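Comments concern the structure below.
The values are calculated or read from the model by the stated rules, or taken from the named source; none is laboratory data. Because the structure is a prediction, the values reported are computed rather than measured. Cβ atoms come from the backbone with ideal geometry, glycine included; neighbour counts cover every protein chain shown. The area values use the complete protein model at the heavy-atom level, side chains included, leaving out ligands, DNA and RNA. Shrake-Rupley method; radii C 1.70, N 1.55, O 1.52, S 1.80 Å.
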Amino acid sequence: MTVELPEGASLGTMQAPLTWIFSHTGKFVGKVAVEVQGGNGFLLVRKGEVLAYWFRSGGVVLRGNAAREYLLSQEAVDLTLCRYTTEEFSAAREWCTEHGVQIAGRKAEPTPVAAPPVQSRPPPVPSWSDAGIMMVGRCGAGGLEVLAGRRPADLDEHALCSALGTARDLADVLGIGAVSDFTLETRSGTFLVTDDDDGVLCLIAAPDVPFGRVKALLQHR
């Protein structure tokens, strides 16, 4: 099957987990072309809401939830954002309807959950070393500045700072504000990145450190 969706205006290509789309496309309307494991497909996105999923690998075609679950199972996929006009978006929706690709409706209301028991005092926030943080640094115009801990021997400082710069440029193009609170899995450990007054604050945590613990440190820094 040949996918005949409108090309749109390309905003660039990046590699990231599929979940990046859910939190960084609040003002984006168009197609996100995806490639992974020799297969390719697309997501149809309207201001943070993914309306359709389609993916093909060899002779196998996945649509809707099947495509979504497969792409979510990949650590990272190649993403190309293509902005659509109103006419191009309508044409893409029509293609999906004609080829059996389900178009999502409005987002479902979240299911209410029971409130957790009220604690008399908040749980203690661990220190940097207790939390398993190997390094705290800041990426700025002058490169990577190590604020605490030790720089991993295999850390590519140039590649890290370049990746963060690309992410911030893409965020500006999409009009989604500052880069904040995203993770990057590497051989050195788990990176957690957030905007800081003087640059971009980067934490490298050991692979077995719970993500929630690192988030708590950032919120109380």
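Brief remarks on what is shown
- Condition check for residue 43: modelled with pLDDT of 95 or more and not in a loop (DSSP other than H, G, I, E, B): yes
- Given (1) open to solvent by 20 Å² or more (accessible area, probe 1.4 Å); (2) farther than 19 Å from residue 98 by Cα, index of the condition residue 32 fails: (1)
- Search result, residues across region 56-76 that are in a loop (DSSP other than H, G, I, E, B) and under 14 Å from the mean Cα position of the chain (by Cα): 73, 74, 75, 76
- A search for C-beta distances below 9 Å between a residue of region 79-106 that is at positive phi and any residue that is open to solvent by 80 Å² or more (accessible area, probe 1.4 Å), counting only pairs 6+ apart in sequence or on different chains, returns 100/63.
- Among residues of region 45-78, those that are hydrophobic (A, V, I, L, M, F, W, C), touching a residue at least 60 places away in the same chain (Cβ under 8 Å) and out of contact with any strand residue (DSSP E or B) (no Cβ under 6 Å at 6 or more places or on another chain), counted: 1
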